[in-house]
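Before any comments, here is the structure.
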Number of protein chains: 4
Amino acid sequence: MKKRVAVVGATGIAGQQFLVALQNHPWFEVALIAASQRSAGKSYAEAIRDPKTGARRWWCQEEPPQQTLTLPVHEASTLNLDGIDLVFTAVESGPARDLEPLYAKTTPVVSTASAYRYEADIPLLIPGVNLDHIQLIDTQKRNRDWQGYIVTQPNCTTIGLAITLKPLFDQFGLQKVIMTSMQGLSGAGRSPGVIGMDTIDNVIPFIPGEEEKVEKENHKILGTFDSGAITPADFLVSAACTRVPVLEGHTEAMLASMQQPCSVDDARAAMIGFGKEFIGMELPSSPQHMIIVHDDPFRPQPRLDRDAEDGMTTSVGRLRPDRTLDNAVKYVLVSHNTKMGAAKGAVLTAEYLHQQGYV
Amino acid sequence: MKKRVAVVGATGIAGQQFLVALQNHPWFEVALIAASQRSAGKSYAEAIRDPKTGARRWWCQEEPPQQTLTLPVHEASTLNLDGIDLVFTAVESGPARDLEPLYAKTTPVVSTASAYRYEADIPLLIPGVNLDHIQLIDTQKRNRDWQGYIVTQPNCTTIGLAITLKPLFDQFGLQKVIMTSMQGLSGAGRSPGVIGMDTIDNVIPFIPGEEEKVEKENHKILGTFDSGAITPADFLVSAACTRVPVLEGHTEAMLASMQQPCSVDDARAAMIGFGKEFIGMELPSSPQHMIIVHDDPFRPQPRLDRDAEDGMTTSVGRLRPDRTLDNAVKYVLVSHNTKMGAAKGAVLTAEYLHQQGYV
Amino acid sequence: MKKRVAVVGATGIAGQQFLVALQNHPWFEVALIAASQRSAGKSYAEAIRDPKTGARRWWCQEEPPQQTLTLPVHEASTLNLDGIDLVFTAVESGPARDLEPLYAKTTPVVSTASAYRYEADIPLLIPGVNLDHIQLIDTQKRNRDWQGYIVTQPNCTTIGLAITLKPLFDQFGLQKVIMTSMQGLSGAGRSPGVIGMDTIDNVIPFIPGEEEKVEKENHKILGTFDSGAITPADFLVSAACTRVPVLEGHTEAMLASMQQPCSVDDARAAMIGFGKEFIGMELPSSPQHMIIVHDDPFRPQPRLDRDAEDGMTTSVGRLRPDRTLDNAVKYVLVSHNTKMGAAKGAVLTAEYLHQQGYV
Amino acid sequence: MKKRVAVVGATGIAGQQFLVALQNHPWFEVALIAASQRSAGKSYAEAIRDPKTGARRWWCQEEPPQQTLTLPVHEASTLNLDGIDLVFTAVESGPARDLEPLYAKTTPVVSTASAYRYEADIPLLIPGVNLDHIQLIDTQKRNRDWQGYIVTQPNCTTIGLAITLKPLFDQFGLQKVIMTSMQGLSGAGRSPGVIGMDTIDNVIPFIPGEEEKVEKENHKILGTFDSGAITPADFLVSAACTRVPVLEGHTEAMLASMQQPCSVDDARAAMIGFGKEFIGMELPSSPQHMIIVHDDPFRPQPRLDRDAEDGMTTSVGRLRPDRTLDNAVKYVLVSHNTKMGAAKGAVLTAEYLHQQGYV
């Protein structure tokens, strides 16, 4: 029998991506959907129809799952979680701060919001990178006296960074990481997200709060779990985050300086070999490779590579040496900000939680 | 009486920008235009008309100067420079290698090509940055027994970098510079340049040869002229060059580490104060500011800022501290790759040469 | 002494375009600016600064006029028009419905809103096309017992259409007009206008209400003023309006069928000869040509042609015969939707009103 | 046993699309690939690798089929077709004129080139629309004394037009069709196709030869086969073809005037009901619907709808009445120019030929 899951924030773009990621899922079935008061009481099909123009407010490339259209939408703040095994939340940070502890009293919560990411007893997980951090759940339940718990997913920009740094960190130690991102528009959502007039023939050099998130989250993700707590990793991160006229996919120009000597070939081997154990678990939403390394110098490109392995792998290219920092390599990565970087990555985390008996 | 100038490569996009930059120029008049054999013998108007479709192959936003349309196009390889005071060359590196020494035997040459940029006795000039390097002309003429000479302009990506680094270099010394560029399409020209299918919804992470040029050129430009030669500056540059769906304007995310302490306010003051003396010369194509510093964190943006002061100023924003390197600041710059970064920058160099008696 | 004008809706994109169009105007000076309650009481500089991020919410390519930045912003609904000679309104249709009659009681109003466009005694004016319709002002003042009056400007999509149809209508009579538009994003404004995610690599085939406006407005504009009223012109218009990834400039593929025989050469001659008398008035914001006709088959293009004559001329190309309808020609036009098509066109109308003694 | 097919022009973008469309095909296997002399003698993997930069010149979203990479590339002009059952040609019109008759002497040829489209005894086929025209093959073989034959596919812009017109033509008769296209870039290919600088923030209002092709091809496709020949259909077509910044998918704004009364509901019913018999054949590359009709007024959009049913269906929306012409309706369609509109459409034609015993 499948686990019954709830999707909160189901009318927004991130919630819609959850519905797509959960369609025909072998382990989970969407039993409950919730949104704000405005949508509550309608069927999902009604809730995503613009009453004025008749347009359907659905923004995934995939069609909305047929069985979801007839589900009633419940109000997120008064949700009855009886019989629900797991809650996925896809809401803004503000509402998440109020809603998630409410749900976690009784039920496991997997969240893409930033509200609880930085609290010491809340795991910040990337599948294949630091799933051992789920042990923090026990600390959390003890601390907060909850029957459920909250686990969070990092910012979409952090994810490609952390995935490609992890094998370098493990084998060579990290000293310094300098990153410039060229981020796709879908990362900004649609309310209103980025205005069309600002994106055409342009680069927007600032994404409020993004650089701080990237710098902070990597330390926690690559930190060590020990005696019930995470000791953050100790290296320096400098980020410059920009928005470019790309629909989906974050491109990141990376420079990583290591503690030990690390040639370009060493880095390539470390990346190619990374994550075999996790991949071997064959979780339903898992990619076949955590990282794909391209030799073609013109790759990765966001439009060509974001969808590799259904958006769940990170594509790396242009691996080359750097002489400005110690033991340094440069590379470019592309990761899919709304697949591995959001809903589908969170579903993969939930699959691991389930496999480990946490759901 | 105006100086009579030749424009070689006048049918290409860079040559057309020279014609626009020289239109109604107070000191220079276009007396001779040259191109490859295919165009030679036609009027300029004919040479830029596609015989099959009737389309005009003219790619500047400004209209072609009326008086140019009737000029005959001469063949570049057999050019008679009698009565010509100065040659501007806007051709590819290959032809430049053969043509420029031919012209320089008798006549000053100002070139945007890379053919001679890296030779020890050829100045690599940016107006307002290192115009004292024109003294190398004397060495060059002696070495090569030429009556004229060649001066070159750097790669368009180097220019914003070098202009903003110069005040930091002068006041604080430079240790390390790490740069990621997001370059406009016009930098790739049109033969065929970047294909439309590759630029839509995409980032191209590689521009062949560009990173090497940027790394090399800065050392020469910020080098010291002494005893008839340039001693290159001694700091490290690491570049990652990418192409984004932007028509014109190069955006560069910069991280500069200095030898001396340099706060964000110090860096801002150095940039704002930079180039007053050069600006004070009031050369015809000069900007009013070498650098404009924005406080609005969403600036500079290429579409909004590339045309500031007719594309001759460099716009800086997002000045902020960095803790990964010593005495470091981060910023974003936008410079116009086909105005200050190409033809109009070369015309400004020529104005200085003229003012100093070199033309 | 200059006429003192008010700009209502001055913080929005259309209002900002008025401020730019009125900068250094020889006849008008901006004496009063108004907006909604949210901005009232602030200086204009404050009103357009985002309090959270410090970003400047200014969206014209030109910088904001220096003298405007220190003006106080008044509340639109309680505006004191003492000493004001003319009001320009740049607000949405809803507020316009309430505000404009309020102002018109005492003061002339030139409006870009659609609220009163279709009322029988309100002129719907395009400079150079139907300025004789200002005679309707007398009817209006009598009907409504106002000291001032309202004149309106058409929808931005109507303008290129009506300007190019007028010479055909006058010389050959019109039977049928079939038009498909490919409209720039700026026509949708910014609140939120068109979302970036929807415009990349895409065409949006529907603009609510636009086709009806285009069909209706042409009849009124090309109508005849007689005995104090307009008799609408009698021809058929069929419009298909789409949005394309273009910043500014509306491109329209036209098919016009005439009552009299009209060859391609006839149509070209009619368009080239159009509007000489109006142009001859040399009003400050006037173009030098109402219509420019291109022979290059690849023109007009919105990016290349929208700014011709500072966005005040309409560019036509691809004039060719059509055999599906009687006496028909096809052509493509580009007109600037936020220059002639909005604020600057309204300023040109006001210049004419002033010259005719109506201000 | 599968039929052995050859793909000629396999290194170009259209040829690559054939390789993708034929991957794992149940009936056909790619046994032979051919290209120009430059590629001949190399493996396919080598032939599509840029020797200078190492970049892979492969332009489909899908990866190249693994088994193709090791196949040797033969020279198209000296191809040995022993043991080959069918040839797909994906070359320019010039080479097609020479090569196709060479192949057709012995072997069936299905071509996307325009070289033989307009010859009286060569069928111009769209699957589901006029497959009865394959009877022309017998006339052709007799006329030309060939053992094989040539069948051709229309221009990609014609296809959506003809598919949606066919049900209207059959039920109501057609009088006049007026169409404006907004075409994707991939229709122009890559040699060099459309230059990136021309497509950004722009519309190109002219595609040489395209309007004539669209006007001519519809008459032949909707013509009647009788007594060994096609009698072209008798209605008028007027096309305006433009290029917009869209990667793939042609959007067409249609106005169709019928001979019999046809309401919007009639037109919708005719389109929805269209092609049931052909769909019922369940050919391997067939869509499930020839036409999908959207009620959401913002659909179809090329980015959202081009890939519907793997690019093999035509999406229609905005069905509405028109009063300018007799019995007229307007609608917007999106069709995939490189799937149904090119290689995969040709493969579907070949499937039908095979099923009917022509291969």
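The values are calculated or read from the model by the stated rules, or taken from the named source; none is laboratory data. Note that the structure is predicted; figures quoted are calculated from it, not measured. For neighbour counting, all protein chains shown are included, and Cβ atoms are generated from backbone atoms with ideal geometry for every residue, glycine included. Accessible surface is based on the protein model in full, side chains and every heavy atom, while ligands, DNA and RNA are left aside. Shrake-Rupley method; radii C 1.70, N 1.55, O 1.52, S 1.80 Å.
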By what distance, in whole Å, do the Cα atoms of the stretch D:134-276 stretch along each of the three principal axes, largest value first? 52, 46, 26
Percent of alpha carbon pairs in the stretch C:1-105 separated by more than 21 Å? 29 percent
Other chains' Cβ within 10 Å of A:293-302 residues: what's the mean? 6
Between C:E62 and D:K141, the two model label points (7 Å from Cα along the beta-carbon direction) sit apart by a distance in nm of 7.3 nm
Values of log10 I(q)/I(0), in the order q = 0.25 Å⁻¹, for the stretch C:192-296 under a Debye, Cα-only, solvent-free model: -1.31
Using the beta-carbon distance between A:F225 and C:S227 and R0 = 60 Å, what value does 1/(1 + (r/R0)^6) give for FRET efficiency, to the nearest 0.05? 0.10
Less than 12 Å from a label point 7 Å out along the Cα-to-Cβ axis of D:E277: which backbone N atoms in the stretch D:92-136 qualify, by residue? D:128-133
As a Kirkwood estimate from alpha-carbon pairs, chain B has a hydrodynamic radius in angstrom of 20.7 Å
Quick one: pull the percentage of alpha-carbon pairs in the stretch D:291-353 with a separation above 15 Å. 55 percent
For the pair B:L69 and C:A31, what calculated FRET efficiency results from E = 1/(1 + (r/R0)^6), where r is the Cβ-Cβ distance and R0 = 41 Å, to the nearest 0.05? 0.35
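Which FRET efficiency value, to the nearest 0.05, is calculated for D:S191 and A:Q23 with the Förster distance at 51 angstrom and r the Cβ-Cβ distance?
0.80
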Considering only C-alpha atoms, what is the centroid distance from the stretch A:298-347 to the stretch A:189-219, in Å? 18 Å
Ignoring ligands, DNA and RNA, what accessible area per residue does the protein assembly as shown give at 1.4 Å, in Å²? 35 Å²
If you average the sequence gap of Cα pairs under 8 Å that are 6 or more apart and divide by the length of chain B, what percent do you get for the contact order? 17 percent
Could you state how much accessible area C:S335 has, in square angstrom rounded to the nearest 10, with a 1.4 Å probe and all protein chains kept in place? 0 Å²
Below 8 Å between Cα atoms, with a sequence gap of 6+, how large is the relative contact order for the stretch A:275-328 in percent? 34 percent
Tell me the net charge near D:G83. Cut-off is 11 Å between Cβ atoms, D:G83 excluded, with +1 for each Lys or Arg and -1 for each Asp or Glu. 0
Roughly how crowded by other chains is peptide A:321-332, in terms of the mean Cβ count from those chains within 10 Å of each of its Cβ atoms? 4
Is the stretch B:76-148 best put as rounded, prolate or oblate by its Cα gyration tensor, with a ≥ b ≥ c the root eigenvalues, rounded for a/c under 1.5, and otherwise prolate when a/b is larger than b/c, oblate when not? prolate
Evaluate the Debye formula for the protein assembly as shown with equal point scatterers sitting on the alpha carbons, no solvent, and hand back log10 of I(q)/I(0) at q = 0.05, 0.06, 0.08 Å⁻¹, in q order, two decimals. -0.41, -0.61, -1.14
If you average over every viewing direction, what projected area does the convex hull of the Cα atoms of the stretch A:121-164 give, in nm²? 3.1 nm²
Expected sort for A:197-205, C:72-80, A:213-221 on mean C-beta neighbours within 10 Å, highest first, is A:197-205, A:213-221, C:72-80
If you look at just the Cα atoms of the stretch D:171-239, how large are its Rg and its Dmax in Å? 16.3, 52
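For the stretch C:237-350, just say rounded, prolate or oblate: build the C-alpha gyration tensor, square-root its eigenvalues into a ≥ b ≥ c, call rounded for a/c under 1.5, and beyond that prolate if a/b exceeds b/c, oblate if not.
In terms of gyration-tensor shape, oblate.
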Using a label point 7 Å beyond Cα on the Cα-Cβ vector, give me the inter-copy distances for D:D226 in nanometres, one decimal, shortest first. 5.1, 9.1, 9.6
Output needed for the stretch D:40-165: three equivalent-ellipsoid semi-axes, defined as square roots of 5 times the C-alpha gyration tensor eigenvalues, in descending order, whole Å. 30, 20, 12
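Using a simple charge model, +1 on the beta-carbon of Lys and Arg, -1 on the beta-carbon of Asp and Glu, nothing else, what dipole does the stretch C:212-268 show about its Cα centre, in debye to the nearest 20?
140 debye
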Using label points projected 7 Å from each Cα along Cα→Cβ, tell me how many nm separate C:Y358 and B:K42, to one decimal. 5.0 nm
Go ahead and collect, in residue order, the members of the stretch D:112-138 whose backbone nitrogen is under 16 Å from a label point 7 Å along the Cα-Cβ direction of D:E212. D:114-119
Need one number: convex hull volume per residue for the stretch C:2-57, Cα atoms only, in Å³. 77 Å³
